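Data first, discussion second: the structure below is written as C-alpha cells.
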Amino acid sequence: MPKPPGDTMGLRKIASPHDTFAAAAELILQHDPRPGDRAPTETELADSLRISRQSARRTLDALGAAGIVADSRTGAKTLRRTGSGEISRFLGLVLKSENQPGKRDFLGVRIAVEQTSVAAAADSARNSDIRALRGLVLRMRKRSVTPAEFCRLDVAFHLRMAQTAGGLRESLLDGLAGSIHDEMEQAFDEDHDWESTATRLADEHEHLLRLVDSGRGAKASNFVSRHVERFYARKEGRHDG
C-alpha cells in the first residue's frame, strides 16, 4: 500500500492544511488499493504527504468514520471498502472539517482523478466504451438540449470515462459528481450565451474522446487538465466581471 516513510511518491509538498484533501486523493489514486489491503499508518501518511501527525490522524479518523478503513485483529488498519458510497462520505466529511478545503483544493482533486482516468482509459477502452462516450457527445450537440440536460450529459461523460478506467477513479469521481454538477449548473445560469459555451464544451469532449480512442493517454491527460481548468477560469472570470 504506502511506500516507506520519507518517500513522497512524487507528490507536491503540502503548502497548507487545505492541500491535504487533494494530496490524499492523489495518494489513493496512485496505489489503487483493494479491500483488505493494509491502510497507511499515521506516521506513513504524515511522512508521505509531509503533513503533521495531527492532520494525518484526522484524515485516518475521517476514513474510519466513512467506513473505508477499520482496525484489524492485529491492531493495524486495513481498507474495508472502496465503493463510491464510502468515498462520497469520506469526501463529505473532509469538506465539512474545520480545515475546509477551498475551490482550488476541490479543483486539484478533480484534475488528479480526471488525468489518471483518461490516461488509463486510453489503454483499456473497448469499442462499447467509445460508442457510449460518443453517444453522450452527440446528445450534447442536439439543438434541443437544455442547460440542465447538458449538465447531466457532461457529468455522465466524465463518469463513463472513469468507469472505463476502473478502480478507485470511478469511486472518487462519483463522490465528486454532485459538486461538479452544481458548479456547472451555476455557471450556465450565469452565462448569457450558454449555447456557445455548450458548443465549445462539446467540441472539447469530442477532442478528448479522439485522444482516448487513439490511445494517446499522455496527451489526453494534459488536455483534460486544461479542459477542466479553462471551465473554472471562465466561471470565475464571470464572477470577477
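One line per residue, one yes/no per condition, for (1) of a type in the set (D, E, K, R); (2) in contact (Cβ under 8 Å) with a residue 40 or more places away in the chain:
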| residue | (1), (2) |
| --- | --- |
| A156 | no, no |
| A187 | no, yes |
| D191 | yes, yes |
| L201 | no, yes |
| L211 | no, yes |
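The set of residues in the range 101-147 that are modelled with pLDDT of 90 or more and of a type in the set (V, I, T) comprises V118, I130, V137, V145, T146.
The values are calculated or read from the model by the stated rules, or taken from the named source; none is laboratory data. Every value quoted in this text rests on a predicted model; they were computed, and no experiment measured them. Quick reminder, even Gly has a Cβ in these numbers, built from the backbone with ideal geometry, and neighbours come from all protein chains shown.
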